[in-house]
Amino acid sequence: MNALLLSALWGVVMMFSSFLVKEKSAIRNMAVAGLVLLLLVNILEMNGKVFFDINTRGMIYFDRFSLLFNSIAFISTFIYFILSAKDMEKVGDNYAEYFALIFFILCGITLVTSFKSLLILFLGIEIISIPLYILTGSDKRNLKSNEAALKYFLMGSFSTGLMLMGIALIYGAKGTFMTFVPPATVKEAAQATPASALLIAGMILLLFSMSFKVSAAPFHFWTPDVYDGAPSVFTSFMATIVKAAVFASFIRLFNDAFGAEKSQWQLLVAIITAATLFIGNITAVFQQSVKRMLAYSSISQAGFMLFALYAMNGDGKEGLILYATAYSLATIGVFAVLIKLKDFSFEGFNGLSKNQPILAATTTIFLLSLAGIPLTAGFLSKFYMLKAAMETGQNLWLVIFAVLMAAVSVYYYFRVIQAMYFKDGDVSPDLTVSPAFKTILVFLAVLVILLGIFPGLLLNWYYF
Amino acid sequence: MGASSLIVLMIAAVAFSGIAILVSKLIVKATKNKHKGQPYECGVPTKGPNWVQFNVGYYLFALIFLIFDVELVFLYPWAVVVKKVGWLALVEIVIFFFILFMGFLYAHKKGALKWV
């Protein structure tokens, strides 16, 4: 509850800073300070210090999982701010508003990770989506940015409509918006409606709309265009932090509301997972632009995160926490380097290791983590996911397929490494990066490796 | 309840719109005249092409108008119960006004109310 209120409040503060504060560096510092504050109150809440306690009649409930996920989102955003906040200046004039919108998105993220009522889920998803539509189109003079925003808005509204229809059907079947109904009433409901087609139909609609939000195939068509058209700084944000948070709500929804109907949706989720892995990885191979390749790679990573949904057990939840962190950190790092370059094609990376050895080395570590090479966080998180899927004991073809697809992903991630180290080129010789930027990148790379060796550093927070 | 109710819902949805169109097709005598194509109760007839670009300022004004429109809509139910609920209602509506006022203040400071 602390972070929820503070993030909304800080969003308003950032909004007003646009005409109260003149210097851009001051605005940036305010945003970073707000984020540190957010992280602080969230960690205090994890230790039982709740400052604001509003009676929401059980519609919002902050448990260990949601608080940890919020912390991960705040830490990732913090790193994202200190790496890329300076590059937001190039997007447009409304510098303070970009931060305000990001704080509103964080407010939505705290809602979707902690909902107990379907209405709160809907509210949270909308609070996340609407600022994202604006951020996508924030490069107002760029036609591609406009096109991406319009596409995202139309498709997003459509999927929100599906979600509302699903919620309405579930309300018809259950008679309540609460995701988890106490056992006594569940028994009565089960006796009253033995096989509720309404509930199944609503569940499938919710599954589809949430798949759209996390860009799982076959609902992924908006992803490459939107990620490619949006300004790169905001692509970095929406491909990592937002996607991870929506995954957390996806898991929470299906665990709380449809845990009893697992046999009904498990095969469907398995098919969606396989399709996502296949389409994401195979299409990424043919991309010429690294930015577009990262968009497809985010689809394929979503496929791996879907394993947590498919397995729906303790290992899956742990795996999702680790996966979301590993994926967010690595992708933020790659994007931070990509933004600095002028040419977003693979050739743009040619010879980067000669001009900027530190940038090249850290990018290599991030890409290795995304590909799932041992000793990086990406490897362990993929391992957790596959282990969770193995524990269910069925559909083993899915696990084998996922390993094959991970092997395919190595190809397109290594193309960037190859360009950086083994191809001659003198691209962006005027590239200047501050020592602070390099330090943060190195810190991020160390974090990725540390999580790959000691995942307990993060996962212990889940229990203690 | 069950699968049958869903099917009934789908059939009813299609039938509701389908029958309405069908009935009007069947009973209406088709005529064509000058006045039929005119917009119904939508103000005066237009002069010149109506696919012109509007000044973007109109939209800003419309959005700010919306803030106060919604505010007034919420005042009605509030006015009905304010006596029963007492002071708490007053405090709540002041908080509500304050939030909207912040939005208005932001729009004003950003120059959204200036006609350029």
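In segment A:1-30, which residue that is more than 13 Å from every other protein chain (Cβ to nearest Cβ) and outside any helix (DSSP H, G or I) is surrounded by the most Cβ atoms within 10 Å (Cβ to Cβ)?
The selected residue is A:Met1.
Condition first: under 30 Å from A:Met312 (Cβ atoms) and either assigned to a loop (DSSP other than H, G, I, E, B) or modelled with pLDDT under 90 (or both). Now tell me which residues in segment A:332-376 satisfy that.
Residues satisfying the conditions are A:Gly372, A:Ile373, A:Pro374, A:Leu375, A:Thr376.
Could you run through segment A:252-268 and say how many residues are buried (at least 22 other Cβ atoms within 10 Å of the Cβ) and closer than 26 Å to A:Met405 by Cα?
Selection size over segment A:252-268: 1.
Touching a Gly at 6+ places or on another chain (Cβ under 9 Å), within 27 Å of A:Met178 (Cβ to Cβ) and either of a type outside the set (Ser, Thr, Tyr) or more than 14 Å from chain B (Cβ to nearest Cβ) (or both): is that true of A:Leu67 in this structure?
no
Inspect segment B:28-48 for any residue being within 14 Å of chain A (Cβ to nearest Cβ) and modelled with pLDDT of 80 or more and give the result as yes or no.
no
Please go through (1) in contact with a helix residue (DSSP H, G or I) (Cβ under 6 Å, 6 or more places away or on another chain); (2) more than 17 Å from A:Ser236 (Cα to Cα); (3) crowded, with 24+ Cβ neighbours inside 10 Å for A:Leu375 and return the number of the only condition it doesn't satisfy.
Against the list (1) in contact with a helix residue (DSSP H, G or I) (Cβ under 6 Å, 6 or more places away or on another chain); (2) more than 17 Å from A:Ser236 (Cα to Cα); (3) crowded, with 24+ Cβ neighbours inside 10 Å, A:Leu375 comes up short only on (3).
Results for (1) touching a Leu at 6+ places or on another chain (Cβ under 8 Å); (2) closer than 30 Å to A:Ser17 by Cβ; (3) in a loop (DSSP other than H, G, I, E, B), shown as yes or no for each residue.
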position	(1), (2), (3)
B:Thr31	no, no, yes
B:Pro45	no, no, yes
B:Asn50	no, no, yes
B:Gly57	no, yes, no
B:Ile64	yes, yes, no
B:Ile67	yes, yes, no
B:Val73	no, no, no
B:Pro77	no, no, no
B:Val91	no, yes, no
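For A:Phe379, are the conditions met, namely being over 22 Å from A:Ala275 (Cβ atoms) and assigned to a helix (DSSP H, G or I)?
So A:Phe379 fits the description; yes.
May I ask you to list the residues in segment A:346-375 that are touching a Lys or Arg at 6+ places or on another chain (Cβ under 9 Å) and in contact (Cβ under 8 Å) with a residue 40 or more places away in the chain?
The answer is A:Phe346, A:Glu347, A:Gly348, A:Phe349, A:Asn350, A:Gly351, A:Gln356, A:Ile358, A:Leu359, A:Ala360, A:Thr362.
Search segment A:338-364 for residues being surrounded by fewer than 24 Cβ atoms within 10 Å (Cβ to Cβ) and β-branched (Val, Ile, Thr), and hand back the single one that is nearest to A:Tyr421 (Cα to Cα).
A:Thr364
Any idea which of (1) surrounded by fewer than 24 Cβ atoms within 10 Å (Cβ to Cβ); (2) within 11 Å of another protein chain (Cβ to nearest Cβ) is the one A:Phe219 doesn't satisfy?
(2)
Output the residues belonging to segment A:386-416 that are assigned to a helix (DSSP H, G or I) and either among the polar types (S, T, N, Q) or closer than 14 Å to A:Glu347 by Cβ (or both).
A:Thr392, A:Ser409, A:Arg415, A:Val416
Regarding segment B:1-23, can at least one residue be identified that is within 14 Å of chain A (Cβ to nearest Cβ), part of a loop (DSSP other than H, G, I, E, B), out of contact with any Phe, Trp or Tyr (no Cβ under 7 Å at 6 or more places or on another chain) and surrounded by 10 or more Cβ atoms within 10 Å (Cβ to Cβ)?
yes
The values are calculated or read from the model by the stated rules, or taken from the named source; none is laboratory data. Here the structure is a predicted model, which is why all the values come from computation and not from measurement. Reconstructed Cβ throughout: ideal geometry from the backbone, glycine too, with neighbour counts over all protein chains shown.
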